[in-house]
Amino acid sequence: MLVREIMSTPALTIGAEERPREAVRLMASAHVTMLPVVDTTGALVGVIGEADLLRPALGPDSRAHLQPSSHEGAPLPRKVSELMTSPAHTVTEETDVADLALTLEATGWKSMPVMRGRELVGVASRSDIVRALWRTDSDIRQDVIARLHDFALLGVKTAVVDGVVQITGAHTPYERQVAAAVASGVRGVRRVQCERSVTTTR
């Protein structure tokens, strides 16, 4: 799968000059964990996430401490630009979702902005990936068959078990290569196994 097939679009953004409280409101109301931050021209200049907002948003509660603290702390940030992470790490529409998943796992991030050149076109998140994976084997198989037919691979047979597509009946290396590429582009497909010797029923 490619990122453009699973991303959420359009991207919900916030201006760099907005108040952090507005970022909190947008995240809470839209149930998102990150907002791309844009300048006055709409260009992406950073991202702001839950962790960026939590630290300055909450002061100590005296009920939880034996002695109230008299330290007022640093001045509260007044603009999103003071809290955002910049530059923003991004992916493109053509990024492999498998690569995106590895990045999110390695970094602990929950989502990333999606770019088309310099244009922000969406956001791809862990939740988007999970939703894309949650398809029935029957639905996946029907989509695979339809796409194989589009490529005139009428003799190819398919079976799908737990998101793994098994392809048989492709008689040449070229047919097997095309069939595997076509099937791997179907949303919800986890892996493609292309064999000529296994018999399945269509």
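The values are calculated or read from the model by the stated rules, or taken from the named source; none is laboratory data. Note that the coordinates shown come from a computational prediction; the quantities given were computed from them, not determined experimentally. Because the Cβ atoms are built from the backbone with ideal geometry, glycine has one as well, and the counts that use them run over all protein chains shown. With ligands, DNA and RNA removed, areas are computed over all heavy atoms of the protein, side chains included. Shrake-Rupley method; radii C 1.70, N 1.55, O 1.52, S 1.80 Å.
Select from region 190-200 the residues that are farther than 20 Å from Thr95 by Cα and in a strand (DSSP E or B) and list them in ascending order. Of everything in region 190-200, those that are farther than 20 Å from Thr95 by Cα and in a strand (DSSP E or B) turn out to be Gln193, Cys194.
Here is a list: Pro68, Pro56. Which entry is surrounded by 15 or more Cβ atoms within 10 Å (Cβ to Cβ), touching a helix residue (DSSP H, G or I) at 6+ places or on another chain (Cβ under 9 Å) and modelled with pLDDT under 90?
Of the residues listed, the single one that is surrounded by 15 or more Cβ atoms within 10 Å (Cβ to Cβ), touching a helix residue (DSSP H, G or I) at 6+ places or on another chain (Cβ under 9 Å) and modelled with pLDDT under 90 is Pro56.
The set of residues in region 138-189 that are part of a helix (DSSP H, G or I) and open to solvent by 80 Å² or more (accessible area, probe 1.4 Å) comprises Gln142, Arg147, His149, Asp150, Pro173, Tyr174, Gln177. Exactly one of (1) open to solvent by 20 Å² or more (accessible area, probe 1.4 Å); (2) at pLDDT below 90; (3) under 28 Å from His31 (Cβ atoms); (4) not in a loop (DSSP other than H, G, I, E, B) is unmet by Arg135. Its number? If we test Arg135 against (1) open to solvent by 20 Å² or more (accessible area, probe 1.4 Å); (2) at pLDDT below 90; (3) under 28 Å from His31 (Cβ atoms); (4) not in a loop (DSSP other than H, G, I, E, B), just (4) comes out false. Taken over region 1-46, the residue count meeting the criterion of being among the β-branched types (Val, Ile, Thr) and either farther than 14 Å from Val123 by Cβ or in a loop (DSSP other than H, G, I, E, B) (or both) is 9.
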